[in-house]
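Asks: I'd like to ask some things about the structure below.
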Amino acid sequence: MPPQGQGVELPTLSVIVAAYNIADFIGECLDSLVTEADRDHEIIVVDDGSTDATRDILADRSARHPQLRIIQRKNGGLGAARNTGIDAASGRYLTFVDGDDWVEPGYVDTCLAEISAHPEIELWVFDYIDVTPESRQRQTCADDFWSCRNAAWNKIYHRDLIGDDRFDEGILYEDLAAVRPWVARAKRKRHLDRALYNYRNQRVGSIMNSIDTTRFSELFTAASLCVQRVEISLGANGAQATLGADWRRRFYTCDVFVPGLVQWSRKIHEASLRRRYAEEFTAYFDKNTDGLSKRQLARHFGLKFAVAAFCYEHNAFAAGDFLLHRMGRMKRRLMARISGAGRFT
């Protein structure tokens with residue numbers, strides 16, 4: 001934390017914005033932040049070595065809005081950019097905003113009001129709006145380890161909760177590795193029942209939407225770092241008491257297997273490539289975890305997921321692929337034909 005000079009009034013809240021080659025989006029992001037009337041905050045924008053017009057847009061906005069503080073650094077990735085922002089921040093509380101997203105009106109004022117009303121709270125989790133080219137859907141979160149979402153950006157953190165911990169640099173899924181352990185070790189948490197953040201999903205070129213079947217191992221790296229942090233913070237017995245006796249299997253099932261195999265494979269349209277991805281992912285999962293909890297799969301995602309997982313575990317990849325992908329497509333085509341035929345009866 002920067003040294004506190006005598007007579008200098010430090011802000012309550014530091015908003016840390018990471019930006020890299022997002023000239024088409026960063027202006028909207030900053031405009032949604034600087035419209036706030038309350039000045040008991042600072043906005044730190046870390047430009048992670050952009051090579052497009054992002055730097056020019058930042059210079060323009062900072063000249064017009066004194067609460068914007070721009071930090072230029074060489075490219076090091078999202079985790080490194082956020083760490084730079086944490087180290088530069090002066091606030092007692094921190095929030096994160098990705099520069100290609102934007103916040104709802106009243107974002108900062110709402111955060112500050114919550115901090116003022118509940119000074120004992122270490123961590124807030126709020127809802128967000130998932131924005132695609134076709135829709136806007138509110139996503140409800142919770143202030144517990146299992147339902148908080150991995151993202152850094154739908155939370156308010158007391159600085160002491162983060163302490164000297166930082167995002168891992170040079171890996172993907174840095175939120176999974178760092179944020180979930182912060183949630184696990186927070187003793188005083190609160191859900192803020194408002195959708196304050198707009199998450200721009202499926203942006204072309206974003207990291208999370210680039211399918212690369214050779215890089216899923218990085219998901220396991222982040223998950224392993226998460227487990228290590230949780231057990232260091234809480235202790236092995238404390239983690240079981242807080243999260244459940246079988247929490248590690250539940251975690252790897254719900255937060256690695258489901259997104260890594262079930263959800264991401266939906267973006268692979270070629271059946272042969274999707275099957276190869278499933279074979280490689282399942283083999284890696286079996287090698288690096290204690291196995292699936294099919295009870296948790298059935299409980300949280302439905303019986304079809306649990307049966308498909310059983311198929312993958314027993315190398316029946318064609319059956320698993322049918323359940324998760326082809327069956328739904330066949331049903332939609334059939335319903336479309338029935339609907340179309342009905343118009344002519």
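Asks: Check off (1) at pLDDT 90 or above; (2) among the hydroxyl-bearing types (Ser, Thr, Tyr); (3) open to solvent by 10 Å² or more (accessible area, probe 1.4 Å) for SER14 and give me the number that stays unchecked.
Replies: So SER14 meets the others, but not (3).
Asks: Within region 224-282, can you find the residues that are surrounded by 15 or more Cβ atoms within 10 Å (Cβ to Cβ), modelled with pLDDT under 95 and of a type in the set (A, V, I, L, M)?
Replies: VAL256, VAL258, LEU261, VAL262, ILE268, ALA278
Asks: Can you give me the number of residues within region 34-56 that are surrounded by 21 or more Cβ atoms within 10 Å (Cβ to Cβ) and modelled with pLDDT of 95 or more?
Replies: Final tally of qualifying residues: 7.
Asks: For residues that are assigned to a helix (DSSP H, G or I) and surrounded by 13 or more Cβ atoms within 10 Å (Cβ to Cβ), tally how many sit in region 283-294.
Replies: Selection size over region 283-294: 5.
Asks: Name the pairs whose Cβ atoms lie under 6 Å apart, with the first residue in region 255-279 and within 19 Å of ALA298 (Cα to Cα), the second of a type in the set (Phe, Trp, Tyr) and assigned to a loop (DSSP other than H, G, I, E, B), and 6 or more positions between them or separate chains?
Replies: Pairs that qualify, where the first residue is within 19 Å of ALA298 (Cα to Cα) and the partner is of a type in the set (Phe, Trp, Tyr) and assigned to a loop (DSSP other than H, G, I, E, B), are GLY260/PHE216.
Asks: Can you pull out the strands (runs of 3 or more DSSP E) entirely within region 61-162 that have at least 2 residues that are within 21 Å of the chain's Cα centre (by Cα) and either surrounded by fewer than 18 Cβ atoms within 10 Å (Cβ to Cβ) or among the acidic types (Asp, Glu) (or both)?
Replies: 123-131, 136-139
Asks: Taking region 14-44 as the region of interest, how many residues are more than 22 Å from the chain's Cα centre (by Cα), of a type in the set (Val, Ile, Thr) and assigned to a strand (DSSP E or B)?
Replies: The total comes to 0.
Asks: Residues that are part of a strand (DSSP E or B), modelled with pLDDT of 95 or more, open to solvent by 40 Å² or more (accessible area, probe 1.4 Å) and not basic (Lys, Arg): does region 190-199 have at least one?
Replies: yes
The values are calculated or read from the model by the stated rules, or taken from the named source; none is laboratory data. Here the structure is a predicted model, which means the values were calculated and not measured. Note: ideal-geometry Cβ built from the backbone for every residue, glycine included; neighbour counts use all protein chains shown. These area figures cover heavy atoms from the full protein model, side chains too; ligands, DNA and RNA do not enter into them. Shrake-Rupley method; radii C 1.70, N 1.55, O 1.52, S 1.80 Å.
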